[in-house]
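Beneath this line is the structure, given in structure tokens, with notes to follow.
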Amino acid sequence: MRASRPLFVSALLRCAAPLFVLWVSGWSGFAEIRVGFAEADITPEVGMEVPGNYGKVYSRKIHDACKVRVSVFDNGDRRVALVGIDALLIRRETVQEIRARVKEGAGIEEVMIGASHSHSSGPVGMILPGEFDHASAEIQELAYGKSSCADPGYLRRVVAATAGAVLEADRKKELVTVGYGVGQESEVAFNRRLRMRNGQTFSHPGKNNPEALGFANPTDDDVGVIGVWRADGTLAGCVVNFSCHATTNSDGIGANWVHYTEKVIQGFYGREATVVFLQGACGDVTQVNNLDPRANPAPDDWSRFVGGRVGAEALKVLLGMSQTRTAEVPLAAGSRVWEIRRRVPSAVRVAEARERVKGSVGDPDWVWAKETLLLDALIARKREVEVEVQAIQIGPVVCLSNPAEYFVSYGLKLKKRSGFPITFPVELANGCVGYVPDEEAFGPGGGGYETRLTSYSNLEVTAGTQLMNAALELAAGMKPAPLPERPLAPVGKPWLYGNQPPQLE
């Protein structure tokens, strides 16, 4: 067993925003690793709100289960937990409550909780109970009566189920070996922002639109996988990272296309293999190819296509780990918490919004007016938003989280600059601050609804860069482990039947 090499860095630094706290702790590598997996059902009841819109939508049926899936890694010196939750998002307050229960129940302090961004999941937001109680009656009606809201009872259930699953995974830890890999899937995800002839960028301009010139931003085709194997060679579980909105929306509530990713992997390895999904940076990436002239598939066919192909690629990566599994898994974790300022709508815009919301809800600008007033009410209570960036190292993999619907360009930069062999950008983790576009999106050729000021998305223009730099700083404080390699074969001798000269007669 190799002795641990603890590293602890604590600093208070100044930036444009208020003071923030940075910490990175403990890198240690041992020739023994224990990992536990667990899951819990958080399927909402029929009739509850389905978040993902600026107004209210209600569920009518269940397609498949919504779950919390957890992996806990323990190398004898450090424990870390990776949590994937079938949810549109998870608010900061909910994360803190879950973490408090986990710390009290198991003493685990380093927990990353990432939402899959399923648009067919349960009511965890977007607005929390009591969030606008400070505002006027008119604003409260816009918030609670006209907007997508969390259900208090469902939130309590999610908190209990998630904390319970982490505690169960910790209890179920067993000696394992771990493998790592990255595959490529390029047929299911596309950037939804396109350059237009008028010089602007549109989100989803529509198929066969002659004004569309091409994609404004790239995609990320990486399917990142961490595989965990029992002593008997069976797959205990895996962690999968891929970047694509979960908006295929099968007929009813469920995990969206992630459900079919799980089915593919479990179809080969068995239902006992837990699949923890962590959503990559996909704030501007969906399954819709606006440059494809053909009609889109039916929703469930689309879910099968996206989830099935991502699952198939993850399966290929898992199958390639047979000679590269290891029990020596360095673990490290760190986080930075600070506040980022909101963009403030002008007084003129607020006044116009007050008049517009008196009109018809059917007015296409009514939603933006409502959102302007809700944002104005939030700013009256607090101008800044608390954000957390977290880094968790598992061997040669670093998971770098952010609480945003994060543009893919930032995710690609994180992968290029992290210094790790494999990087998992994890968006909508440990909180939610809405869309965080890249800075180009706010420029003369930018645009798209991701850049609009709403109660959901409103951080200052440099927020994405701030989140990226914080993640890179955390990764720089860690020591990446090399990717395990296949062993070299011994010097061979010719095959008995293969070293014969040709015969011509």
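The values are calculated or read from the model by the stated rules, or taken from the named source; none is laboratory data. Just so it is clear, the structure is predicted and the values come from calculations on it, not from any experiment. Positions of Cβ are backbone-derived with ideal geometry, glycine not excepted, and every protein chain shown enters the neighbour counts.
Brief remarks follow.
- Qualifying positions in segment 103-130 - more than 29 Å from Cys244 (Cβ to Cβ) and out of contact with any Phe, Trp or Tyr (no Cβ under 9 Å at 6 or more places or on another chain): Lys103, Glu104, Gly105, Ala106, Gly107, Ile108, Glu109, Gly130
To keep it simple, each residue is scored yes or no on (1) out of contact with any Gly (no Cβ under 9 Å at 6 or more places or on another chain); (2) farther than 29 Å from Ser455 by Cβ; (3) touching a residue at least 24 places away in the same chain (Cβ under 8 Å).
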residue: Gln390; (1), (2), (3): no, no, yes
residue: Gln393; (1), (2), (3): no, yes, yes
residue: Pro396; (1), (2), (3): yes, yes, yes
residue: Glu405; (1), (2), (3): no, no, yes
residue: Ser409; (1), (2), (3): no, no, yes
residue: Ser418; (1), (2), (3): yes, yes, yes
residue: Ile422; (1), (2), (3): no, yes, yes
residue: Pro425; (1), (2), (3): no, no, yes
residue: Leu428; (1), (2), (3): no, no, yes
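- For segment 252-282, filtering for residues that are farther than 28 Å from Val46 by Cα and under 15 Å from the mean Cα position of the chain (by Cα) leaves 3.
- Segment 324-335, residues that are among the polar types (S, T, N, Q) and closer than 12 Å to Leu483 by Cα: Thr324, Thr326
- Which listed residue is within 27 Å of Leu414 (Cβ to Cβ), modelled with pLDDT of 95 or more, touching a strand residue (DSSP E or B) at 6+ places or on another chain (Cβ under 8 Å) and not in a loop (DSSP other than H, G, I, E, B), from Val176, Val225: Val225
- In the condition set (1) part of a loop (DSSP other than H, G, I, E, B); (2) in contact (Cβ under 8 Å) with a residue 24 or more places away in the chain, Phe268 is compliant with all but (1).
- Yes/no for Ala312 being buried (at least 23 other Cβ atoms within 10 Å of the Cβ) and under 21 Å from the mean Cα position of the chain (by Cα): no
- So Glu427, is it of a type in the set (Asp, Glu) and surrounded by fewer than 20 Cβ atoms within 10 Å (Cβ to Cβ): no
- Residue selected from segment 98-112 under the condition in a helix (DSSP H, G or I) and not small (Gly, Ala, Ser), by the criterion surrounded by the fewest Cβ atoms within 10 Å (Cβ to Cβ): Glu104
- Here Pro218, Pro297 are screened, and the one residue that is of a type outside the set (Gly, Ala, Ser), part of a loop (DSSP other than H, G, I, E, B) and without any contact (Cβ under 8 Å) to a residue 60 or more places away in the chain is Pro297.
- Meets criteria (without any contact (Cβ under 8 Å) to a residue 12 or more places away in the chain, out of contact with any Lys or Arg (no Cβ under 6 Å at 6 or more places or on another chain) and over 21 Å from Tyr54 (Cα atoms)) for Leu278: no
- Being closer than 25 Å to Gly395 by Cα and modelled with pLDDT of 95 or more is a property that holds for Glu427.
- Selection of segment 38-55 for residues being of a type in the set (D, E, K, R) and either within 19 Å of the chain's Cα centre (by Cα) or surrounded by fewer than 21 Cβ atoms within 10 Å (Cβ to Cβ) (or both) yields Glu39, Asp41, Glu45.
- Between Glu473, Glu485, the distinction of being over 19 Å from Arg343 (Cβ atoms), touching a residue at least 12 places away in the same chain (Cβ under 8 Å) and outside any loop (DSSP other than H, G, I, E, B) belongs to Glu473 only.
- Listed conditions (1) in contact with a Lys or Arg (Cβ under 8 Å, 6 or more places away or on another chain); (2) free of Cβ contacts under 8 Å to residues at least 60 places away in the same chain are all met by Arg99, apart from (1).
- Among (1) buried (at least 23 other Cβ atoms within 10 Å of the Cβ); (2) part of a helix (DSSP H, G or I); (3) out of contact with any helix residue (DSSP H, G or I) (no Cβ under 9 Å at 6 or more places or on another chain) - the single one Thr261 does not satisfy: (3)
- Summed over segment 45-97, residues that are of a type in the set (Asp, Glu) and in a strand (DSSP E or B) total 2.
- Considering Val240, Val276, Val285, the condition of being buried (at least 18 other Cβ atoms within 10 Å of the Cβ), touching a helix residue (DSSP H, G or I) at 6+ places or on another chain (Cβ under 6 Å) and farther than 30 Å from Leu213 by Cβ is satisfied by Val240 alone.
- Meets criteria (within 26 Å of Val240 (Cβ to Cβ), part of a loop (DSSP other than H, G, I, E, B) and either modelled with pLDDT under 95 or among the polar types (S, T, N, Q) (or both)) for Ser147: no
- Arg192 surrounded by fewer than 16 Cβ atoms within 10 Å (Cβ to Cβ) and on the phi < 0 side of the Ramachandran plot: no
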